[in-house]
Amino acid sequence: MEQQLKEWMEQLTLEEKAALTVGGDFWHTRSIERLGIPSISLNDGPHGIRKPKAGTDVGFDSLPATCFPTASALASSWSVELLESVGQAIGDECLALDVQVLLGPGVNIKRSPRGGRNFEYYSEDPVLAGEMGAAFVRGVQSRGIGTSLKHFACNNQEHERMTISSEVDERTLREIYLTAFERVIKQSQPMTVMAAYNKVNGIYATEHRELLEQVLREEWGFTGFVVSDWGAVNDKAASLRAGMDLQMPGRDEETVQRLADMVRNGEFPETVLNQSVERILRIVLATMRNRKPGASFDAEAHHAVARQVAAECFVLLKNEGGLLPLQPDKLRSVSVIGQFAKQPRYQGSGSSQIEPTRVDTAIEQLKKSLGDQVTVSYADGYPGEDRVDEELLNEAAQQAAEADVAVIFAGLPPSFESEGFDRRNIDMPASHNRLIEEVCRVQPNTVVVLSNGSAVAMPWIQGPKAVLEGWLGGQASGAAAADVLLGAVNPSGKLSETFPMRLEDAPDFLNFPGEEGKVRYGEGLYVGYRYYDKKRIEPLFPFGYGLSYTTFELTGMDVNRHHMTDRDTLEVKVCVRNTGARPGSEVVQLYVQDTESRMARPIKELKAFAKVSLQPGEEKEVTLVLQARDFAYYDSERSTWCVESGEFVILAGTSSADLPLRASVMMESTQKVQARFHAMSLFKDVLKRYTAAEALQMLADPSTGGGAPAGLYKDEFLITFMMDMPIGKIAKMMGNIQSEQAIADWISKLNGEA
Ligand code: BGC
């Protein structure tokens, strides 16, 4: 490969090289026919393939492909195996549709429940998002197909997405917004990364050298090429200089010519251009080698996979009196209500919207699975548009009252969440909310099945006995809903995002969507459950929460050491037992809590998890491993991850709000975490290392005999008063030392150097 690359590089003209860094058309890189350099096809992504039919460019007239559940659904499975298998299936379809790079997955953090594109992202938590993304990339790339990890970075809202600057402090950037990208790069090495539209702290992501070169390549070891989001390049030369290789979409001949002229005039270094061309051609070579002309995929088999996957993403939010699963032999009639039962909402709008190979509906599958003995009635309940229709409500309530059970299909219509714009609030349409209220008034056995891509408020939550969150579950979500409702599948999903009680409780509430071209990430590290924990705000449903038709018990937490250093790994063992009567799966979640720190830290943070399947009565032991990084915070002063000595508590359980098992570990850090003192260091920081007496006794000026008066060490009020004073000023004002040398000597002593 390197030989071929070398030959091409020697023969390419300047114009050809420049052209290779700009797409050939909307979805392809350029081919250079005289050298036999082929073009490759990059297509959306992420939960299926959107490959336009021949002759079409923009729009949604695409070749049929299997529509799998979108990211928020997939992440609710908490199953890396599942994500990998979805990736493999999509990879196979890429081979069949002659796609070389799939534009996904998106691992941006759900900073706000209003983010219009939340359905396309995995989670509010970087570890969950990173693990899901890494597994998905592994799956797709196992087929020789490239992925594009997007949108790098801080693309967390749609409002002014092409111009907004995400203003985020370094520590938050590292701990929350970059971590998921880092995990995917380090674990799965995606072939490409997509640079986002927005600015990060004032610099366009496509021109952000620090992010693209320093962090992505030098620190994390990314070896592929960086592609711009479609239309995200604003200054071609600046973006190339920053390490952004391929501009998409293409057909920008003016830019190509200008770039070639700049190189010729010595205004742009050819070496930089060469580097980008090489990176692009390496992936062209790698993916072309894997091409499988004539390949096809088994649409029926993939549909079956999509059904099984969708069912595994369902989260059972409520199940009073064990109403679910429904038992056909004990039922005479079921009233199915809501247009979504007939016209399911199963994917989001925008670039990820694909043409499914077929679509299942819940009503059809329920009728089939319930059999002839059970009467199934249907009522629309709400109209297509966002309007309360009293007639439809009355009809639905009447039908519901006459049946043994009512199952309502409700959620968010496409106009409520999409790429391109954010949500105004977290409400479902009034027509859906009213429907649930009216039906619950007349039918005590009501089940609500939700289709939505992100958290919604549920003012009616007391009404129905059972609630199932089905997300945007892909083309087979209707059949999967029937599978879960009737117990063919035992739900095992866990929320991948917190559901707030009300919009005002959300972490971003005061800082969204920004103003004057900037959005300040004012909540800092406290995104998702980190915020609700710290503020002690009870959410509607917490992160990691989800019920099952069986019950589980977690016992016997064991750690392999109670004292460790940051060079050790910590093995945590937990036993899970299925204590109910049905087979089922449970997710063991491990959170780390730093009990005392020099920094503000979240109450707890998810660091590891595992999903286990168990037969009734069966018990399994799960081992999870923690490393130094799982205890660290990002020290932005020293630009490094930092583990502090002291106690850490390991919490295990089945939801962020239910962590019954705990173990304590004493960490002895081998890192020199001590900052060096300087004249502007604060006295309170010196007091973390020395007593006041120790510190002040070191202060002396031999030439004048000056120093802190002995009484000062003992005066608690004065010590408290001095806490926030820089030590250089203390020396001058309280110690009466005017010689710069004497102050420097004192600071050296405090630093242990003299
Ligand atoms: C989206 C990307 C997508 C690209 C190509 C952009 O508008 O932000 O996620 O991959 O279009 O369709």
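The values are calculated or read from the model by the stated rules, or taken from the named source; none is laboratory data. Since the structure is predicted, the reported quantities are computational estimates derived from the model, not experimental observations. All Cβ positions, glycine included, derive from the backbone under ideal geometry; neighbour counts span all protein chains shown. What goes into the accessible areas is simple: the full protein's heavy atoms, side chains included, and nothing from ligands, DNA or RNA. Shrake-Rupley method; radii C 1.70, N 1.55, O 1.52, S 1.80 Å.
The alpha-carbon atoms of segment 349-477, seen along their principal axes, cover 43, 33, 24 angstrom, with the largest extent given first. Exposed loop sites were defined as GluC sites (Glu not before Pro) in DSSP loop states (anything but H, G, I, E or B) carrying at most 11 other C-beta atoms within 10 Å; in the chain the longest segment without such a site runs 1-266. If R0 is 51 Å, the Cβ-Cβ spacing of Glu419 and Met725 corresponds to a FRET efficiency of close to 0.50.
Checking every one of the trypsin sites (Lys or Arg not before Pro) in segment 678-724 against DSSP loop status and a limit of 11 other Cβ atoms within 10 Å picks out Lys688. Under the combined filter of DSSP loop state and at most 13 neighbouring Cβ atoms within 10 Å, segment 538-616 retains these trypsin sites (Lys or Arg not before Pro): Arg561, Arg567.
A dipole drawn for segment 244-333 from +1 and -1 charges on Cβ atoms has a positive end, and of Ile283, Gln327, Leu246 the residue lying farthest that way is Gln327. Segment 305-330 and segment 486-537 have Cα centres spaced 26 Å apart.
Which value, in Å², gives the accessible area per residue of segment 330-486 when a 1.4 Å probe is used on the protein heavy atoms?
Using a 1.4 Å probe on heavy atoms only, each residue of segment 330-486 averages 36 Å².
Report summary: the helix-based calculation at 222 nm, which adds -39500 (n - 2.57) for every DSSP H run with n ≥ 4 and divides by the residues of the chain, gives -8000 deg cm²/dmol. Its alpha carbons give segment 504-624 an Rg and a Dmax of 18.7, 59 Å. Each part gets one Cα centre, and for segment 7-86 versus segment 646-684 those centres are 44 Å apart.
With respect to the chain, whose longest principal axis is taken over its alpha-carbon atoms, helix 126-141 is tilted by about 60°. What segment 604-692 shows is 46 Å² of accessible area per residue, with the surface traced by a 1.4 Å probe over protein heavy atoms. Remark: spin-label model distance Glu2-Arg209 equals 2.8 nm, labels positioned 7 Å along the Cα→Cβ axis. The alpha carbons of the chain occupy a box of 103, 70, 48 Å along the principal axes, longest dimension given first. Entry note: segment 136-228 has Rg to Rh equal to 0.97, where both radii use alpha-carbon atoms and Rh is the Kirkwood radius. Taking every alpha-carbon pair in segment 1-137 and binning the separations at 10 Å intervals from zero gives 11, 33, 28, 21, 7, 0 percent. Only Cα sites of segment 91-172 enter the Debye sum here, all with the same form factor; the resulting log10 I(q)/I(0) across q = 0.15, 0.18, 0.26 1/Å is -0.61, -0.81, -1.21, listed in q order. Per-atom-type breakdown for segment 1-155 gives carbon and sulfur 51% of the accessible area (1.4 Å probe, protein chains only). Centre-to-centre separation between the Cα atoms of segment 370-419 and those of segment 701-721: 78 Å.
For the chain, the Cβ-based charge dipole about the Cα centre amounts to some 840 debye (Lys, Arg positive; Asp, Glu negative; other atoms uncharged). Under the simplified labelling scheme, the Ile461-Ser739 pair shows an inter-label distance of 6.9 nm, with each label point 7 Å from Cα along Cα→Cβ. The ratio of the alpha-carbon radius of gyration of segment 240-315 to the globular-protein estimate 2.2 N^0.38 Å is 1.84. Of the trypsin sites (Lys or Arg not before Pro) found in segment 453-554, those that fall in a DSSP loop while having at most 13 other beta-carbon atoms within 10 Å are Arg536. Heavy atoms only, probe 1.4 Å: what % of the accessible area of segment 278-333 goes to carbon and sulfur, would you let me know? C and S fraction of accessible area: 50 percent.
Taking only the alpha carbons of segment 394-446, we obtain Rg and Dmax values of 13.8, 43 Å in that order. At an R0 of 45 angstrom, the distance between the Cβ atoms of Thr595 and Gln343 translates into a FRET efficiency of 0.30. Rounded to the nearest 10 degrees, the inclination of helix 270-289 to the longest alpha-carbon principal axis of the chain is 30 degrees. Full extension of the chain between Glu218 and Gln627 gives 145.1 nm of extra length, using 0.36 nm per residue less the Cα-Cα distance. So what's the angle, to the nearest 10 degrees on a 0 to 90 scale, between helix 2-11 and the longest Cα principal axis of the chain? Computed tilt is about 80 degrees. When both bridge partners sit in the chain, DSSP labels roughly 55% of those beta bridges antiparallel. Under 5 Å from the amide H of Ile32 lie the amide H atoms of Ile37, each residue being 5 or more positions distant or on a separate chain, with H modelled from the backbone and absent for Pro and chain starts.
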